[in-house]
Amino acid sequence: MDSQVESAIELAFNPTTDQTLKGQAYDFLNQLRSDDNGWQVCLALFIRPQSPSEVVRLVCLEIVNNAVQMQKLGQYSLQYIKESLMGYAAGSQEADSPAIQNKLTQTLTYLFTSLYSDDWASFFDDFKALAGDGSEIGTANPVATMLYLRIVGSIHDEIADVMIPRTPQEQKRSNDLKDMIRARDVKKIAVTWQEILSRWRQMDLSIVELCLRSIAKWVSWIDISIVIDRNIQSALLEIAGQQGSFSSESKEAKARDAAIDTFTETVGKKMGSNDKIELIRYLNLSGIVGQLIASPALSELRATPHYDTDLAETVAKLVNNVVFDIVKVLDTDGLDEQTAEKANGSLRIFVPYLLRFFADEYDEICSAVIPSLTDLLTMFRRQSKSKGGLPADYAEMLRPILDAIITKMKYDETSSWGEEDEGTDEAEFEELRKRLYVLQQTVAAVDERLYIGMLSDVIVTTFSRLDTPNEKPNWRDLDLAMHEMYLFGELAVRNGGLYQKSAPSSEASQRLLDMMAKMVDSGLASHPHPAIQLQHMEICVRYVQFFEHNPGSIPKVLETFVNFVHSTHPKVRLRSWYLFQRFVRHLRAQLGNVASTVVRAVGDLLVVKAEMPDDKDEDDVSSEDNGQSADAAFTSQLYLFEAVGCVASTSAVPLETKVTIAKSVIEPLSSDIYHHLHAAKNGDARSCLQIHHLIMALGTIANGFSDWTPGATSGGPPPSEVSQEFVGASEAVVVALEALKQSSDIRTAARHAFSRLMGVLGSNILPQLPRWIDGLLSSASSNDEMAMFLRTLAQVVYGFKAEIYSILDTLLSPLLQRVFAGVALPISGTDDEIQLRELKQQYLNFILVILNNDLGSVLVSPANQAIFDNFITTVTRFACDPSDPQSARLAFSTLNRISALWGGPDIAINSDAAPAPALPGFDGFIISQFASLPWTLLSAPGFNARDAQMRSVVQEAAALQWTILRKVGGQYQRQLEGDLRDLGAGDDAIRSYFGSMSGDVVGFRKFFAGFVQQAKA
């Protein structure tokens, strides 16, 4: 059997094995794992004197390990494995591979958890005996010593690591084991630590490192006095303070870092406030950190390639923990004066250390202390708020802290910007800036005046240096100043804007306005670095209010924008197209006299040229370069079309100029659609994409000219002369849509254009509406497309209700037939289900818009009578579907509205008056089709009366009952009474029911919801 297992493992893990044979080998090993006795042959193979190959030993040990971990073995089997592995460990003179060591350690740890409490109380003593006594440990049998220390560390991971989730049963077992260790063995283990550390210079430093790592783990749950033993602390100080030029991967460096980590974990141990401060002082952590910071590795070599970043990060974590604990002590309620004085003394010492690592050039090191700096500033904010100001000791710390934050915001001297291989570093730096900004905001909350003063000085001083020939700032200085200026606005505009009644709204606003004036006048926009150019545009757009009150600065900034939109740098160029649109949209009222000039200046960029994914034409504005895809470039180009519309549409532009601009942009686009149409119909992909882009451009420029929507209470379409220019554009789009309606991309673009062309055409679009609908709701349209278009169409109906009846009468039947076909499609996944629900809801919303705007008669007109039955069938089906409560609620609302409109005048409760429906026989239709629907809903599978969404459906069903009673009268009352008796209601319940129905509808909605919930309880 041994040879069979060995052979199977060799075959399974040999990359040259035939796949069929390998599969058989894996199957055999899986059977071996599941066999209750499979571990026995594997254990024998692992401990065999003539060792098999490494992979065989590892797989065999893994199978044994799995058997022990599953806790399915009896005590005899566990004892057998224990004796076998102890014998193996006692006979091992050479270290196994790391993989074998780790798996053996894990297996012994699982044996410990199973046997320590009752059957292996000598666990630690047995492994210590293998390692040797105090004078020999670490040197006589280093392999056994390493195994002992690994096991000690692994036991902590298994029973005490707080990051590992455990069931309540596992947690109880772990707690019991910790209690037993503390009672039986922890002092003996501590003696072993002392013995190793007392002779640390005489043994392999890998053993020392393992010893320190185990102490760092155990300190959180054992008596602190064990760890702060003078012998251990003396060794820790020596190891942590090692001097010399050794690499970060050397054994010396790893032992040193482990010693520092031990200090970090020790100081992080939970204890009372006074004990914590005394521990920090007893450990002399300020002296240790000061010594480490002054060491060559962290001082002399800091600006060299030999800077020990691992050591720096390790010490930074220690400083972070110390400051965190000091702040926690100082933030404790009822802290005694003596402890507070000691804590403040330690804080004064450690804040410079904190800022040393916070200011480190390496962001990983900086990030290590941000948590404690955040806690420190949060404490300052609470102190400032509760005491009306910051105590003097803390106030002195605030300025250097803010100065360090501002300095850290700057790109360091080794960094570059915009290069492909720097993308990840740049993204990480931007994330760091976001974290730094949070710190800045906290400083502002503590001392706003200090914040305003320091930020203003940094920004203004940097801008002033632009006028000094010998001290001109570099791009990093300018980027810092402009970035801080951009962030400064959060404080300056927090009260609603930069201005209040034409005056600066605050001191911060005044400072910011001065900065804006200085930036605009400085000629900073001409700086060659793209980062500065981008920052300049972003700031101009963010603080565009400045230009409203300083219109004399607009021409200069417009000129810079025109330069930027033609930039040769792709990132600047594409971003500027968006920012240019934002700038001119906000200031269009001030641009009337330069509208034609602006349009001419960007006219060369309004040429649409679609690119296929494999195009690489670097000369074209839409080409893919520097990681910018053709799609992204075209999306940015659309902003230029919208900007042209914004500039041309303002009331300050003469009507003739508006028409001229519209014509100059629209006609080339429309003509190009017709030019490419023949090729697109023949399947040419480039022509089809070109038409898509042209349609998108026409829709976007329309949006620039007018963002009015039908039904809006203010505004309206542009003058008819301007609107007339868009009639031809709309016709071109419709022609393309009719020819290419099977293309999803063309339908998407046309839908985009339709919703925007409505704003410029107004009711002029109505004659084309049937053609739009035919194209946008083609047989190829998805449910999602139909839902989106129905939403837009509902807006058209609402906005043009006085003019749309005849058109709606013509198009309603084909429109609803297409919807009926869509809702009848089979569902094949979650996406289909979501799209179907959206279509149902938009369909019902569309019907409600028709009913609520006095257009309901179109549903029963001669032209649409053929679809009426299908229409009613869909609505009643949706009403009784608990799986879609939103649609069910809308369906009941629709039925209620139909009943109210066509049911005739209300009949008094308990009256013998006959119904007088607006449509002959409609009272009977209501009784036969609508009256039973509330009960059908309640009996439907999946109905849950306690569901919040379903409650709203039930209330709409109640409203339908309430309306039917008033339209049909006694006939419905008698039927409803019979329904209630069938449900088991008595005379009192029925009287209560009809009593509620005789009141207002709001009261009955609540009553019925409660009635249903009680009935379903």
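The values are calculated or read from the model by the stated rules, or taken from the named source; none is laboratory data. Computed from a predicted structure; not experimentally measured. Positions of Cβ are backbone-derived with ideal geometry, glycine not excepted, and every protein chain shown enters the neighbour counts. We work out accessible area using only protein heavy atoms, side chains counted, and drop any ligands, DNA or RNA first. Shrake-Rupley method; radii C 1.70, N 1.55, O 1.52, S 1.80 Å.
Note down all Cβ pairs under 7 Å where the first residue falls in segment 779-799 and is of a type in the set (S, T, N, Q), the second is assigned to a helix (DSSP H, G or I), and they're at least six residues apart or on different chains. Filtered contacts from segment 779-799: Ser781/Arg747; Ser782/Gln835; Asn783/Gly822; Asn783/Gln835; Asn783/Leu836; Asn783/Leu839; Thr792/Phe754; Thr792/Ser755. The helices (runs of 4 or more DSSP H) located wholly in segment 442-538 that include 3 or more residues which are within 21 Å of His549 (Cβ to Cβ) and at pLDDT below 95 occupy 475-492, 507-521. Ile532 is checked against (1) touching an Asp or Glu at 6+ places or on another chain (Cβ under 9 Å); (2) farther than 30 Å from Asp447 by Cα and fails just one. What number does that condition carry? Against the list (1) touching an Asp or Glu at 6+ places or on another chain (Cβ under 9 Å); (2) farther than 30 Å from Asp447 by Cα, Ile532 comes up short only on (2). Looking only at residues of segment 634-663 that are farther than 25 Å from Arg575 by Cβ and small (Gly, Ala, Ser), we find that the one that is surrounded by the most Cβ atoms within 10 Å (Cβ to Cβ) is Ala662.
Residue by residue, here is whether (1) surrounded by 13 or more Cβ atoms within 10 Å (Cβ to Cβ); (2) under 42 Å from the mean Cα position of the chain (by Cα); (3) modelled with pLDDT of 95 or more; (4) not aromatic (Phe, Trp, Tyr) holds:
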site: Leu960; (1), (2), (3), (4): yes, no, yes, yes
site: Gly969; (1), (2), (3), (4): yes, no, no, yes
site: Phe1004; (1), (2), (3), (4): yes, no, yes, no
site: Phe1011; (1), (2), (3), (4): yes, no, no, no
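Considered as a group, the residues in segment 302-329 that are charged (D, E, K, R) and outside any helix (DSSP H, G or I) include one that is nearest to Lys251 (Cα to Cα), and that residue is Asp308. Per the conditions (1) buried (at least 19 other Cβ atoms within 10 Å of the Cβ); (2) over 21 Å from Leu638 (Cα atoms); (3) over 33 Å from the mean Cα position of the chain (by Cα), the sole criterion not satisfied by Leu558 is (2). Condition check: within 11 Å of Ala958 (Cα to Cα), open to solvent by less than 50 Å² (accessible area, probe 1.4 Å) and either among the basic types (Lys, Arg) or assigned to a helix (DSSP H, G or I) (or both). Does Gly978 satisfy that? No: the conditions fail for Gly978.
Report yes if Ser384 is touching a residue at least 60 places away in the same chain (Cβ under 8 Å) and under 16 Å from Leu285 (Cα atoms), otherwise no.
On the way: touching a residue at least 60 places away in the same chain (Cβ under 8 Å): yes; under 16 Å from Leu285 (Cα atoms): no.
In short, no.
Determine, yes or no, whether Glu136 is modelled with pLDDT under 95 and part of a helix (DSSP H, G or I). No. Of the residues making up segment 433-484, just one is under 33 Å from the mean Cα position of the chain (by Cα) and without any contact (Cβ under 8 Å) to a residue 12 or more places away in the chain, namely Lys434.
In segment 839-861, of all residues being open to solvent by 50 Å² or more (accessible area, probe 1.4 Å) and outside any loop (DSSP other than H, G, I, E, B), the one that is nearest to Leu937 (Cα to Cα) corresponds to Asn845. Taking segment 191-260 as the region of interest, the helices (runs of 4 or more DSSP H) fully inside it that hold 3 or more residues being out of contact with any Lys or Arg (no Cβ under 9 Å at 6 or more places or on another chain) and modelled with pLDDT of 90 or more are 205-218, 230-240. For segment 351-388, a tally of residues being open to solvent by 30 Å² or more (accessible area, probe 1.4 Å) and not in a helix (DSSP H, G or I) returns 4. The combined condition, being open to solvent by 10 Å² or more (accessible area, probe 1.4 Å) and either within 37 Å of the chain's Cα centre (by Cα) or of a type outside the set (D, E, K, R) (or both), is not fulfilled by Asp906.
Looking across segment 294-350 at every residue that is of a type in the set (Val, Ile, Thr) and over 16 Å from Phe380 (Cβ atoms), the one that is most open to solvent (accessible area, probe 1.4 Å) is identified as Ile349.
Only residues that are touching a Lys or Arg at 6+ places or on another chain (Cβ under 7 Å) and crowded, with 22+ Cβ neighbours inside 10 Å were counted across segment 565-595, and they come to 1.
Helices (runs of 4 or more DSSP H) wholly in segment 34-122 with at least 3 residues that are open to solvent by less than 30 Å² (accessible area, probe 1.4 Å), touching a helix residue (DSSP H, G or I) at 6+ places or on another chain (Cβ under 8 Å) and farther than 27 Å from Pro15 by Cα - which ones?
Details: elements: 38-47, 54-69, 75-91, 98-115.
Those helices (runs of 4 or more DSSP H) span 75-91, 98-115.
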